[in-house]
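Below is the structure I would like to discuss, written out as structure tokens.
The values are calculated or read from the model by the stated rules, or taken from the named source; none is laboratory data. All values derive from a computational prediction rather than experimental measurement. We place every Cβ from the backbone using ideal geometry, glycine too, and count neighbours over all the protein chains shown. Remember, those area values only see protein heavy atoms, side chains included, never the ligands or the DNA or RNA. Shrake-Rupley method; radii C 1.70, N 1.55, O 1.52, S 1.80 Å.
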Amino acid sequence: EPIQTLTAGLMKPDFLRPRQNLLLDATASRQRLEAYDSDSVGAGVSIERELSKMLKVSLGTALRYAKIEDLKEPEQTYMLLSFPGVVDWDFANDRFSPTSGGTLRTALTPFVDLLGTDRNFLRGRLTHTRYVQLARAPQLVLAMRGSVGAMGGTKRDDIPADERFYAGGGGSIRGIGFEMAGPLDDKDKPRGGRSVAEGSVELRLKLSNDLGAVLFLDGGTVFDSTLPTGGERVLFGAGPGLRYYTPIGPVRLDVGFPLNPREGVDDGFQLYISIGQAF
């Protein structure tokens, strides 16, 4: 399998004070992707504070040991110490299939490689979603998502391949292959980047209590530069989708078509099946 991950987590609510949680996690991962091969184990601890019903902040520390083979480069070993900080504002009216409100999530994480002093870097990402109900009967919702990320402190090739930004795929740009947006090598393998910009617009029509349909347009790419300042071709994908609503969220089927395909790189369409809305 391309990605195999085993994760264990523990939350202790009301840690030291009300509405403050202690979060513990441990992860083992094996990834065999177009961009890299990675084997890693890690663990982390963080404190999450509920400032209100909709607003949470967290700060923690994590340690991850990884062996990564990046394309044709020799295998490298990393011991990454990080300090993730997150501000999460969730004002959507429903967790599984919202019709109003939205979310705003900001994550900022400094990384220190204990095995290499030239591999220290800072990674940040801001993602915003918004939902507007256009009609009630039948229910028609306009869903929008925008996300930007930036990374600085060292050059791209010194950043572990599995920590770089990638774009393309079912949760990113539908119609573009998984992680295939952005810089490619001479064999059309993704190299990842230090910044990313993505956007999506989706019309969601609920045909009945159980069935819905969507039309979507996604766009974005990855950049080698620290900030998403241009220089890379922005790729777009669009298509239709079906939704089957269940008590644990909608089952979705999307068919994405690249609107400006790269010759010899992008397929004519991509098919996605998963649980939950795209965003």
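Work through the residues other than ASN260 whose Cβ is under 15 Å from its Cβ and net out their charges, Lys, Arg +1 and Asp, Glu -1.
Here the count lands on -2.
Here's a follow-up. Could you run the Karplus curve 6.51 cos²θ - 1.76 cosθ + 1.60 with θ = phi - 60° over region 249-261 and give me ³J(HN,Hα) per residue in whole Hz, x for Gly and Pro?
With coefficients 6.51, -1.76 and 1.60, one gets x, x, 8, 10, 10, 10, 10, x, 10, x, 8, 10, x Hz.
What is the local net charge at ARG156, summed over the other residues whose Cβ is closer than 11 Å to its Cβ (Lys, Arg +1; Asp, Glu -1)?
-1
OK, next. Could you sort 6-15, 95-104, 177-186 so that the peptide with the highest average Cβ count within 10 Å comes first and the rest follow in order?
On the way: 6-15: 10.8, 95-104: 16.4, 177-186: 19.5.
So the peptides 6-15, 95-104, 177-186, ranked by packing, come out 177-186, 95-104, 6-15.
If you count only protein heavy atoms with a 1.4 Å probe, what accessible area per residue comes out for region 1-129, rounded to a whole Å²?
Result: 60 Å² of accessible area for each residue.
Next question, about the same structure. What is the gain in length, in nm to one decimal, between VAL265 and GLN20 on full extension, counting 0.36 nm per residue of separation less the C-alpha to C-alpha distance? It would help to have the intermediate numbers written out before the result.
Numbers: separation 245, 0.36 × 245 = 88.20 nm, distance 4.79 nm.
Extra length from VAL265 to GLN20 when fully extended: 83.4 nm.
So what are the radius of gyration and Dmax for the Cα set of region 34-139, in Å?
Both quantities, over Cα of region 34-139: 19.0, 60 Å.
Stretch LEU215-ILE248 to full length: gain in nm at 0.36 nm per residue minus the Cα-Cα span?
9.6 nm
How much net charge surrounds GLY171 when only other residues with a Cβ under 12 Å from its Cβ are counted (Lys, Arg +1; Asp, Glu -1)? Can you show the working numbers first?
Details: positive: ARG145, ARG174, ARG252; negative: GLU179, GLU198, ASP218, ASP254.
Overall, the nearby charge balance is -1.
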